[in-house]
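Please treat every number below as a calculation from the coordinates, not as lab data. Because the structure is a prediction, the values reported are computed rather than measured. Ideal geometry is used to build each Cβ from the backbone, glycine not excepted, and the neighbour counts take in all protein chains shown.
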Amino acid sequence: MTAAEIGFRKRLAAQQISKETLVCVGLDPMPEKLPVCFSTSSNQLLAQKVATWMKDIVFVTAHFGCMFKLQSAHWEAIPGGREAMQEVIQFIKKEFPYMPVFLDCKRGDIGRTQERYRVAHFNLDGVDGMNFSPYMGKDCMEFLVDKSYPGRAIVGLCYTSNPSAREVQNLLIDNRMPLWEVIAIMTFQWAKDLGILENAGLVMAAAYEEPKGSGHIYDRHLIRCREIVGDKLWFLIPGIGNQGGFIEQTVKAAYIGPGSIAINSSSDIIFASTGEDYAQAAVNKAKALRDAIRATMPK
């Protein structure tokens, strides 16, 4: 069976089992973080230098990751970056054909436009999954679905890791239910209606300290979301690393077996060093995160 014939979540689970890891390696390049050994070379365009840098990161961290996630804006902001991103995606598919590749692009528009995003990201970029903003309703999910390719992952924004999100996502609907819970319920129902439940998911922030400096770790959102969707949706979890999320509480609240969560880390891994040791430094960070997560998982 080819990789394309296996659904996203089954591939994710298989990677997690074989490598004993829940780490999603985020590939979010920033030109100012380019290792010195690239910046002093003048025989390549910036986009090509970034592509080479990220391919090196992919090659050395693949053993410790269960999926790769590329953040589209970080590539689109570089002249020639879209083509460089596609080059990296094809590199992953060639070297690690069963590793899921996810695009963090947060698209959300009317049906006709979502259909164009579907073609752009799944067909042209060649990714296996992408996320969307649900603000414009069911169209945002429905028109990303191609019934010829049921194994793609379509993941809705639900409870994000940026602190200012609480201003919107915690708003109470009818004075009883926060908006993010409504979004979880609706996305779950849309996925059922569209017949894509097996690979659909939600973006759910890691457990975090609330309020800052209090020592109180907040994981209720993860527990509550599992109450809503059970084991039917998988969670893409940002917020670990530079954003201060807590691994143990996250795993205990959200993990229910292989393929149920993927914990993203971008900056901590890919920017671990700007010296000639950038690849080894990335390996060390990816391994350390893999080991830290594994230590919290049920035996």
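Numerical summary
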{"quantity": "Approximate spin-label separation residue 171-residue 217, in nm, with each point projected 7 Å along Cα-to-Cβ", "calculated": "3.2"}
{"quantity": "Neighbour net charge for residue 13 - beta-carbon separation under 13 angstrom, K R +1, D E -1", "calculated": "+1"}
{"quantity": "Other-chain or far-sequence residues with amide H under 5 Å of residue 155's (modelled H)", "calculated": "130, 131, 132, 201"}
{"quantity": "Highest-MSF residue in the chain out of 176, 107, 226 [GNM, Cα springs under 10 Å]", "calculated": "176"}
{"quantity": "Taking the C-alpha atoms of the chain, convex hull volume expressed per residue in Å³", "calculated": "132"}
{"quantity": "Highest-MSF residue in the chain out of 286, 13, 120 [GNM, Cα springs under 10 Å]", "calculated": "120"}
{"quantity": "Residue-wise HN-Hα coupling along region 262-276, computed from phi with Karplus coefficients 6.51, -1.76, 1.60 (Hz; x: Gly, Pro)", "calculated": "9, 9, 7, 9, 10, 4, 4, 8, 6, 9, 4, 7, 10, x, 5"}
{"quantity": "Chain lengthening between residue 296 and residue 267 when straightened (0.36 nm per residue, less Cα-Cα)", "calculated": "8.2 nm"}
{"quantity": "Euclidean distance between Cα centres, region 209-245 to region 153-183, Å", "calculated": "12"}
{"quantity": "Ranked 67, 204, 30, 141, criterion: other C-beta atoms within 10 Å, fewest first", "calculated": "30, 141, 67, 204"}
{"quantity": "Too-long pairs where the Cα-Cα distance tops 26 Å, listed order kept, from 69/138; 192/212; 55/285; 10/49", "calculated": "192/212; 10/49"}
{"quantity": "For the chain, built as a Gaussian network whose Cα springs stay under 10 Å, the top-fluctuating residue of 239, 259, 215", "calculated": "215"}
{"quantity": "Residues residue 95 and residue 146, FRET efficiency given R0 of 30 Å [Cβ-Cβ distance, rounded to 0.05]", "calculated": "0.70"}
{"quantity": "Exposure proxy ranking, count of Cβ atoms within 10 Å, fewest first, for 231, 174", "calculated": "174, 231"}
{"quantity": "Antiparallel bridge percentage (DSSP; both residues within the chain; nearest 5)", "calculated": "15"}
{"quantity": "Segment residue 164-residue 231, extension gain: residue separation times 0.36 nm, minus the distance between their alpha carbons", "calculated": "21.3 nm"}
{"quantity": "Residue 67 long-range amide H proximity, modeled H, under 5 Å", "calculated": "25"}
